[in-house]
Amino acid sequence: MKIYINDIPVRIRGNQHQSNKKFDVVLDSDTDDIQAIKLKGKVLIKEKSHEAINRLLHIMTDTKYSKIKQIEIRVKNKIKAQEYLKSKFNIVEAAGGIVEKDDKILLILRHDLWDIPKGKLEKKEKRREGAIREVEEETGVKVKSEEFICSTWHTYIRNKKYVLKKTTWYRMSCLDDSKMKPQKAENIQKTVWMNANEVDVAVLHSYKTIKRVVNKYRDLLDELGELKYQSL
């Protein structure tokens, strides 16, 4: 499970996971106190209680830490750790999609950052249906849902409550973009069709979650033997 907290990727893995990755900071004792202000670069945290991990996630949601690049947390039981953390946040579900037309995909500019259209699901709404609705509302483009791409998680605070948001992403095809326009009510400034090279530049001015979704999308195309949207 990978959670993005203030654009910092935090991955939860089982203790059995092996990695050749080099870490700048390693906390592997129960006596090591987790203080985000002391962490920097690539961080590995092991042998910590669920409560300690939960405190860290809340602290990182409160404040941005520019010195931390990523955090890997290893636990005895990954499933139990994930369920515990989910119980400590309000869970919100959202959905969206990467829309294709010819050799381009659709990106939106929101708050001066490039993004992929998405939004919160309505009560009892199915993910795929919500993804179509949100894409069409935010961009004015009529779409058809195709393959599942991936799911992403990130945290934020709303009304003084900690929220863990799960977003489900789908590949989509454009049916009609004759009425394409940004949804101003959602602070969307632009809706733009981009080729692969333009997307590579755009994700440099975006969130890390968006770069992850684009990479997962390209992995899907590679599995399907479709290379026309790959960057050059």
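The values are calculated or read from the model by the stated rules, or taken from the named source; none is laboratory data. Since we're looking at a predicted model, the values are computed, not measured. Here the Cβ is made from the backbone with ideal geometry for all residues, glycine too, and neighbour counts use every protein chain on show.
Here is how the numbers come out for the structure above:
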read-out: Sole exception among (1) surrounded by 14 or more Cβ atoms within 10 Å (Cβ to Cβ); (2) assigned by TED's automatic domain parsing to the domain that holds VAL213; (3) of a type outside the set (S, T, N, Q) for ASP102, by number; value: (1)
read-out: Residue within the stretch 164-182 that is closer than 26 Å to LYS86 by Cβ and charged (D, E, K, R) present; value: yes
read-out: Strands (runs of 3 or more DSSP E) lying entirely in the stretch 115-205 (those with 3 or more residues that are closer than 23 Å to ILE91 by Cβ); value: 118-120, 142-158, 161-176
read-out: Test: residue in the stretch 65-82 that is under 30 Å from ARG133 (Cβ atoms), touching a Phe, Trp or Tyr at 6+ places or on another chain (Cβ under 7 Å) and at pLDDT 90 or above; value: no
read-out: Some residue of the stretch 48-68 being more than 14 Å from TYR156 (Cα to Cα), free of Cβ contacts under 8 Å to residues at least 12 places away in the same chain and more than 22 Å from the chain's Cα centre (by Cα); value: yes
read-out: Among the residues listed as LYS42, LYS21, the single one being basic (Lys, Arg) and in a loop (DSSP other than H, G, I, E, B); value: LYS21
read-out: Check on GLU72, within 22 Å of the chain's Cα centre (by Cα), surrounded by 20 or more Cβ atoms within 10 Å (Cβ to Cβ) and not hydrophobic (A, V, I, L, M, F, W, C); value: yes
read-out: Evaluation of ILE91 against (1) β-branched (Val, Ile, Thr); (2) surrounded by fewer than 17 Cβ atoms within 10 Å (Cβ to Cβ); (3) assigned to a helix (DSSP H, G or I) (one fails), failing number; value: (3)
read-out: Subset of the stretch 184-228 [surrounded by fewer than 17 Cβ atoms within 10 Å (Cβ to Cβ) and in contact with a Ser or Thr (Cβ under 7 Å, 6 or more places away or on another chain)]; value: ASN197, ASP200
read-out: Filtered residue count, the stretch 45-69, keeping only those that are within 26 Å of LYS161 (Cβ to Cβ) and either part of a strand (DSSP E or B) or of a type in the set (A, V, I, L, M, F, W, C) (or both); value: 8
read-out: Boolean, ILE34 is over 14 Å from LEU164 (Cα atoms) and surrounded by 14 or more Cβ atoms within 10 Å (Cβ to Cβ); value: yes
